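The values are calculated or read from the model by the stated rules, or taken from the named source; none is laboratory data. Note that the structure is predicted; figures quoted are calculated from it, not measured. Backbone-built Cβ (ideal geometry, glycine too); neighbour counts: all protein chains shown.
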Amino acid sequence: MTNVLDGIRVLDFGRYIAGPYCAALLADLGADVIRIERIGGGEDRWVAPVGDDGVGAMFLVMNRNKRAMTLDPSSPAGREIVKKLVATADVVVANLPPEVLRALALDLESLRRVKPDIILTTVTAFGAGGPWSHKHGFDGIGQLMCGSAYLTGTLQQPYRAAVAWVDCGTASLAAFGTLAALMARQKTGRGQKVEGALLRTAVAYNNPTLVEQQIIQADRVPTENRGQTSAPSDVFRTRDGWIIVYAIGNPMFARWAGLMGEEHWLSDPRFKDDEARGNHGEIISKRMSEWTQARTTAQALKELEAAKVPAGPLYTPQQALDDAHIRRAGLLADTTYPGLARPVPLSPTPVDLSETPGQFRHRAPMLGEHTDAILGELGYSADEIKTLRGANVV
């Protein structure tokens, strides 16, 4: 089977999630992705350490299917290596501030002088054109500034999501944009700049809430885990755990009401449609809570399934690892990495293609694991590589 991106080379200057995960998705589809790290290793290599060498869980996920080299791109010899790498590349991924890109000659103008049809994929915190464009930022800032965190939790204590959905969403959109740019280059012969932004992603994903607010001034306030545009839509305690339950649309609500023994609610104007049920969600959640607290999680889920009302259990991370569906559906694949006590449960490409799926080809690289091989491909001799190491260039 031929991979979608066979023959495409990507240089990954990314950090943390948005850039590296974008490059990882391209690597899953067959691109030759070269991760370029600081000589001592980038700070994102060590986040949530799990190995003897300090390698972090985040790095193992974000850098599967890549090769890696160490390099000081700010040194004269390092700049020359960057030029030679760029000359062989199709895409440069760098979620670095614009001034850093220019300082390292990784801005589009500089890259085009070396490779006219290059594609530059960048990610910033706030996007271009506004008064915050020059600022640095992370995932949680996007969550707070788009209005999402305000509606999560309570008025006294808002909560950001523990999962970095802004980072991961931005990475996915950047990969989407990169694929579009590669398709456009096939037609025009020209590269271009692909630019994602954390706040842009966050605002886009929370756009329906912002539309509602501007048009009808809903002025919603947080309601903990309870949804606001349908009901039941909440997290409920059972005798031995927690579950989440949704009923959206009148047919599903009718099945739920039958399960609860509240068929008379179907003619109650408070519950006439999703909007009305969302407005009276506290009543519905109270009734649902009475029902779930009289049952175990397994019992509740079985009865809800029989009524065709969507529901699922609250898992700890360990329970997610042990879940039969997650394992049998291939949502995690155990892989090996040197120095780790147990296999690494990696999530494969999170979208499946029937003919050309993403593939796990090899584990995340050790620090500088492929430096010599990559430099050799660029024409450097063993003695020249030794000299570069001695000068702390690689």
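Structure notes:
- The residue pairs whose first member lies in the range 336-364 and is free of Cβ contacts under 8 Å to residues at least 24 places away in the same chain and in a loop (DSSP other than H, G, I, E, B), whose second member is among the basic types (Lys, Arg) and surrounded by 11 or more Cβ atoms within 10 Å (Cβ to Cβ), and whose beta carbons are closer than 6 Å, counting only pairs six or more residues apart or on different chains, do not exist in this structure.
- For the range 298-315, filtering for residues that are in a loop (DSSP other than H, G, I, E, B) and in contact with a Phe, Trp or Tyr (Cβ under 9 Å, 6 or more places away or on another chain) leaves 4.
- When residues of the range 105-137 are limited to those that are in a helix (DSSP H, G or I) and of a type in the set (D, E, K, R), the one farthest from residue 198 (Cα to Cα): 113
- Helices (runs of 4 or more DSSP H) (entirely within the range 6-104) containing at least 3 residues that are at pLDDT 95 or above: 18-28, 57-62, 76-87
Residue-by-condition table, conditions (1) assigned by TED's automatic domain parsing to the domain that holds residue 192; (2) surrounded by fewer than 16 Cβ atoms within 10 Å (Cβ to Cβ); (3) out of contact with any Phe, Trp or Tyr (no Cβ under 9 Å at 6 or more places or on another chain); (4) among the small types (Gly, Ala, Ser):
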position	(1), (2), (3), (4)
107	yes, no, yes, no
120	yes, no, yes, no
129	yes, yes, yes, yes
133	yes, yes, no, yes
140	yes, no, yes, yes
153	yes, yes, no, yes
162	yes, yes, yes, yes
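- The listed residues are 57, 18, and the only one of them that is within 26 Å of residue 79 (Cβ to Cβ) and either assigned by TED's automatic domain parsing to the domain that holds residue 361 or of a type in the set (Ser, Thr, Tyr) (or both) turns out to be 18.
- Extreme residue, nearest to residue 34 (Cα to Cα), among residues of the range 381-394 that are assigned to a loop (DSSP other than H, G, I, E, B) and in contact (Cβ under 8 Å) with a residue 40 or more places away in the chain: 394
- Among the candidates 286, 308, the residue that is of a type outside the set (Ser, Thr, Tyr) and under 15 Å from residue 246 (Cβ atoms) is uniquely 308.
- Sole exception among (1) closer than 22 Å to residue 22 by Cβ; (2) touching an Asp or Glu at 6+ places or on another chain (Cβ under 6 Å); (3) of a type outside the set (D, E, K, R) for residue 71, by number: (2)
- Of the residues 90, 107, the single one that is acidic (Asp, Glu) and closer than 17 Å to residue 8 by Cα is 90.
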